[in-house]
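Input: a single structure, listed below in C-alpha cells.
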Amino acid sequence: MKLNQHFANRDIIELRVFAQNQGLIIENGSMETSFANELARQMLDPDHVREVWDDLSPQARGALAELMKEEKGIPILAFERRFGELRRIGPGSLQTEQPWKQPTGPGEELWWLGWIARSFRDVGDEMVEFVSIPLDLRPLLPIEAQTPPEPPFPKPAPVPETQRDLGQMLLDDLGTLLGYVQNHAVKLRADGRWRYQDLKAIQPRLRLSGIRKQPLEVGGPLHLIFFAAKRLELLVERKGYQRFGKALRPWLEMSRAEQMASLFRAWQEAEAWNDLCLTPELRCQEGAWSNQPRMAREALLGQLRRAEPDVWYDLDDFIAMIYEHMPDFQRPDANYDTWYIQNAAGDFLRGFDHWPAVEGALIRYIWRGPLFWLGAVALNEQGDRWMLTRQGHDFLHGGDPEPQPDGPILHIDREFIITLAPHIGLWDRLRVELFTFWQASEPDYRYLITQRGLKRARKRGVSARRVLEFLERASGGDIPANVRRALERFNK
C-alpha cells in the first residue's frame, strides 16, 4: 500500500490531523482527494522525512525498524502487543480527545503522523489486519531494510549425568506391529482402531517403555506408529481387518536409516497429526477455529536446525527464545482470544498471558514426545535438557547415513533360540517371525524355532529348506549341528 492509498481510506479530519502533526500546511484543502494527494506529496519530500525522523522518539524509531524487516507488515494484534494499542476513534471525537497528545505508545505516535497504515491480507482462510509502512515511504526512511535476524540461540547447557536416546527403537516397535499383522488375523473395531486384546498381546513385545505403560495413550508413541504406518500406507484396512499395504514391500527394501527418515517426514509433513490438541495438558474444544499443525511444526523445526548435534541445551531457555522472538509461530494473526483450549482443570486459556500454558506446553510435548520417540533428540532423565542427535541432524539437513555393520544379522544357539543383531533390517526380521515364536525384546530380540512355526511358514509357501538357506546366509553359516539336522528332517 502506498501513502495515497492509505489516505484514501481515511476521513478528511484524520488527514488534517496528519498534516498538523507533520507541521504541513495544505492550501487546497477544500476537496478531500486533492488534500490527500497534496499531503502525500509533501510528506514524501526527502528533506521533510528527515526532519520528522529527527523529532521521533527512540521507541517510535525502533517500531519503524521492526516494520522495515517485514515488507508486508506485522499483524495488528502483535504490533499493538509490542508498541501500544492503535485506538479506533471516530472523526467526531478526534478534536475533543486529541489522542496524539497522549499516545498509548510508539505505535500511536507513528499513526498520528500518518507514517503507518492498516490493511487486511489473506492469511490461510482468514482476513487478518496488518500494520505496515507505506511502500513509497519505506525507501526514504534512514533505516536499511534487513532480513529479520535469527533469534539468539540458547547457550549450551552442561552435559547431564544420564541421558536417554531412543535411536531407532520406534522403528523396531513398528516392526513388531508388522510381524504381528503377518501372523495374526487382526480384526479392527468399527472406528478402525485395534481391539484391546491385540494391543494387550503385543504390549510385552514393544521396546518403548512409554507404550508398555500406556499402550492406548492418545498422542503417545504407539499412536504415532499407527499414524505413520497408515500415512505411509504400510498398513491398510481391508474388509474390517488390518492388512499390509502395497507400499510396504518397497519400504522394506529401504535401509533402516531411510525408513527412520520416512517416519520422521510422515510426522513432519502431516496436517492430520495435531500436536497442539495431542499435548497432554491441553484440551481442544470444538468451535469455529482451527490451527495449522504443520506450519507450527516447521517454525519450530526451523529453529531446531540451528542446534549443534551432540550439544546439550536447556529446554526452558529454548522456549524463552521462542517466546521472546517468535511468539506467534503458530498464530499468524497473533490473536490469542479465538481458540477454544482448556487446561486439565477445565479453565479456558485465552489471551497472550496464557502463552506459557499453551505454546510452552506444546513445545515441551513436541520435544519430549515425537522428536524424542523418533530419535531426533536425546533427553536427560528429567526431560528439561535436550540434544540434537546425529540421526536428527540427518533428518533436518540430509546427509549420507552411516553404513550398516557387516557380518551376521542373527545368532542361533543349540536351544533353537535366534538372537537378532541390532542392525537387522525389518524385512529379515519379518522372515524370522514367520517361522518362530517371540520370546523376548530386551536386551535383544529373541525368537524360538518350533515345528508349529515351521508349519505356519510352510502354509505360506516357505519350506524348511528355504528357512535353512535364509539362516545360513543371515548367521554367516554359524548354525548348530542339531538345529541344522532338525530343519533337514522337517523338510523331508
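Quick note: the coordinates plus some simple rules give every number you see, no bench work behind them. Note that the coordinates shown come from a computational prediction; the quantities given were computed from them, not determined experimentally. Heads up, the Cβs are rebuilt from the backbone with ideal geometry, glycines too, and the neighbour counts pull from every protein chain shown.
In table form, for the structure just shown:
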| item | result |
| --- | --- |
| Volume per residue that the Cα convex hull of the stretch 163-397 spans, once the total is divided by residue count, Å³ | 138 |
| Volume per residue that the Cα convex hull of the stretch 410-491 spans, once the total is divided by residue count, Å³ | 81 |
| Cβ-based exposure ranking for ASP11, ASP54, ASP136, in which fewest neighbours within 10 Å come first | ASP54, ASP11, ASP136 |
| 12 Å beta-carbon shell around LEU56, net charge (K/R +1, D/E -1) | -2 |
| The stretch 3-140: relative contact order in percent, alpha carbon pairs under 8 Å with at least 6 residues between | 29 |
| Relative exposure of THR436, THR96, THR33, judged by other C-beta atoms within 10 Å (fewest first) | THR96, THR33, THR436 |
| Relative exposure of VAL186, VAL467, judged by other C-beta atoms within 10 Å (fewest first) | VAL186, VAL467 |
| Loop trypsin sites (Lys or Arg not before Pro), the stretch 242-275, which have at most 16 other Cβ atoms in a 10 Å radius of their Cβ (DSSP) | LYS246 |
| Whole-Å distance, taken between Cα centres, linking the stretch 77-103 and the stretch 323-349 | 26 |
| Part-to-part distance (alpha-carbon centres) for the stretch 359-389 and the stretch 273-312, which is given in Å | 12 |
| Built amide H within the under 5 Å cut-off of ARG385, gap 5+ | LEU315, ASN380 |
| Computed over the chain: relative contact order in percent, which uses C-alpha pairs under 8 Å that are six or more apart | 13 |
| Label-point gap, in nm, between ARG489 and MET321 - each point 7 angstrom along Cα→Cβ | 6.5 |
| Lys/Arg +1, Asp/Glu -1 at C-beta; the stretch 410-491 dipole; positive extreme among TYR445, PHE490, GLY425 | PHE490 |
| Modelled FRET efficiency - R0 30 Å, PHE437 with GLU271, Cβ distances, 0.05 increments | 0.15 |
| Distance between modelled label sites at LYS459 and SER93, nm, 7 Å Cα→Cβ extension | 8.0 |
| GluC sites (Glu not before Pro) restricted to the stretch 320-420 and DSSP loop, no more than 10 other C-beta within 10 Å | GLU415 |
| Rg over Rh, two decimals, the stretch 3-140 (C-alpha only, Kirkwood Rh) | 0.94 |
| Label point distance in nm, LYS239-GLU281, each placed 7 Å from Cα along Cα→Cβ | 4.9 |
| Rel. contact order, % - alpha carbon contacts under 8 angstrom, at least six apart, the stretch 163-397 | 25 |
| Alpha-carbon Debye profile of the chain, log10 I(q)/I(0) at 0.13 Å⁻¹ | -1.20 |
| Amide H contacts under 5 Å for VAL186, placed H, 5+ residues apart | GLN242 |
| Sum of side-chain charges, GLU469 neighbourhood, beta-carbon under 12 Å (Lys, Arg +1; Asp, Glu -1) | +3 |
| Flagged links, alpha-carbon separation over 25 Å, of LYS230/LYS459; LYS72/LYS155; LYS187/LYS230; LYS187/LYS246; LYS239/LYS459 | LYS230/LYS459; LYS72/LYS155 |
| Long-range amide H partners of ALA440 with built H, under 5 Å | ARG446 |
| Fully extended contour minus Cα-Cα distance, from ARG473 to ARG61, at 0.36 nm per residue | 141.0 nm |
